[in-house]
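Derivation of every value follows stated rules applied to the coordinates shown; laboratory data play no part. On a predicted model such as this, the values are computed, not experimentally measured, just so you know. FYI the Cβ positions are ideal-geometry reconstructions off the backbone, even for glycines, and counts take in every protein chain you see.
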Amino acid sequence: MAPSAIVYTSHTGFTARYAGMLARASGIPSYDLASGEQPPAGTSILFLGWLCAGRIRGLAKARRRWSVQAVCAVGMAEYKPENTAKLIQDNNLGEHPFFYLRGGYAPERLRGIYRLMMAPMTRSVLRAPAETQEQRAMQEAFRSGGSWMSEEQLSSVLDWLDQQR
Ligand SMILES: Cc1cc2nc3c(=O)[nH]c(=O)nc-3n(C[C@H](O)[C@H](O)[C@H](O)COP(=O)(O)O)c2cc1C
């Protein structure tokens, strides 16, 4: 069934921005899982959640309420096919279409437990030698934030949405 709503959850704003971009491009309304108006139970949705230690936040809750047709995970890691296979497995995505979107990192916007969880990771990334451009960009993001968001990453999601109409 073609999704009639986009539902997302976002802690520091990157997933919310991707959901907004998809809503504008597709004409399908987007809703924040955490607040406000929500689509009726059972609605076919496209779900977007941010990645937290390999898990797509909000996905379990979304699955209980709606008919999730496809899933986007927003993380800070570089796209790698082998990581995608693991995400599909660890999040029980089965045959659902799945899209990885690279978001960013905003340390100043992290709150509570999420800030604590990232402290050891931050120390180890900043201690490691940064030889490649990618490693330097990652260190910079851990130090003062960074974004890898782009419109282009949405093209396969928009193609999939078009095919459902
Ligand atoms: C506690 C924590 C765990 C994270 N785990 C992952 C991860 O497993 N893989 C990844 O690619 N990014 C991970 N990230 C980075 C976020 O997924 C990334 O910053 C994302 O863009 C956040 O989206 P948001 O702004 O919508 O909250 C983690 C971030 C935090 C704070």
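Say we join alpha carbon atoms closer than 10 Å with springs in a Gaussian network model of the chain; which of ALA73, ALA106, ALA128 then has the biggest fluctuation?
The residue with the greatest mean-square fluctuation here is ALA128.
Measuring from centroid to centroid over Cα atoms, what is the spacing of segment 1-55 and segment 95-109 in Å?
After rounding, the separation between the Cα centres reads 12 Å.
Short version: ³J(HN,Hα) in whole Hz for each residue of segment 155-162, in order, from phi by Karplus 6.51 cos²θ - 1.76 cosθ + 1.60 (θ = phi - 60°), x for Gly and Pro, what are they?
The phi angles translate into 4, 6, 5, 5, 4, 4, 4, 4 Hz.
Starting with the fewest neighbours, write out SER10, SER67 ranked by other beta-carbon atoms found within 10 Å of each beta-carbon.
SER67, SER10
Express in % the proportion of alpha carbon pairs of segment 107-146 at distances exceeding 17 Å.
Considering segment 107-146, 28 percent of its Cα-Cα pairs are separated by more than 17 Å.
Using a Gaussian network model of the chain with C-alpha springs under 10 Å, which one of GLY54, GLY27, GLY103 is most mobile by mean-square fluctuation?
GLY27
Of the candidates GLY112, GLY42, GLY104, which one comes out as most mobile in a Gaussian network treatment of the chain with C-alpha springs shorter than 10 Å?
Judging by the Gaussian network model, the answer is GLY112.
For SER44, what residues show an amide H to amide H distance below 5 Å, using hydrogens built from the backbone and excluding near sequence neighbours?
Correct list: SER4, SER67.
Regarding the chain, what is the average projected area of its C-alpha convex hull, in nm²?
9.9 nm²
Which percentage, to the nearest 5, of the DSSP beta bridges contained in the chain is antiparallel?
Around 15 percent of the beta bridges assigned by DSSP in the chain are antiparallel ones.
Farthest toward the dipole's positive end in the chain, which of CYS52, GLY146, ALA16, given Cβ charges of +1 (Lys, Arg) and -1 (Asp, Glu) about the Cα centre?
Positive-end residue among those listed: CYS52.
If we count other beta carbons within 10 Å of each Cβ, what is the order of TRP148, TRP160, TRP50, fewest first? Walk me through the numbers before you get to the answer.
On the way: TRP148 19, TRP160 15, TRP50 26.
Taking fewest neighbouring Cβ atoms as first place, the list is TRP160, TRP148, TRP50.
Only Cα pairs under 8 Å and at least 6 apart count here; give the relative contact order of the chain as a rounded whole percent.
Relative contact order, the chain: 22 percent.
Taking the beta-carbon count within 10 Å as an exposure proxy, list VAL68, VAL74, VAL157, VAL125 from fewest neighbours to most.
VAL125, VAL68, VAL157, VAL74
Per DSSP H run of n ≥ 4, the term is -39500 (n - 2.57); total these for the chain, divide by its residue number, and report the mean residue ellipticity at 222 nm rounded to 500 deg cm²/dmol.
On the way: 6 runs with 68 residues, N = 165.
Counting only the DSSP helices, I get -12500 deg cm²/dmol.
Is there a quick way to get the dipole size of the chain? I mean about its Cα centre, with the Cβ of Lys and Arg at +1 and of Asp and Glu at -1; what is the value in debye to the nearest 20?
Taking the Cα centre of the chain as origin, the dipole is about 660 debye.
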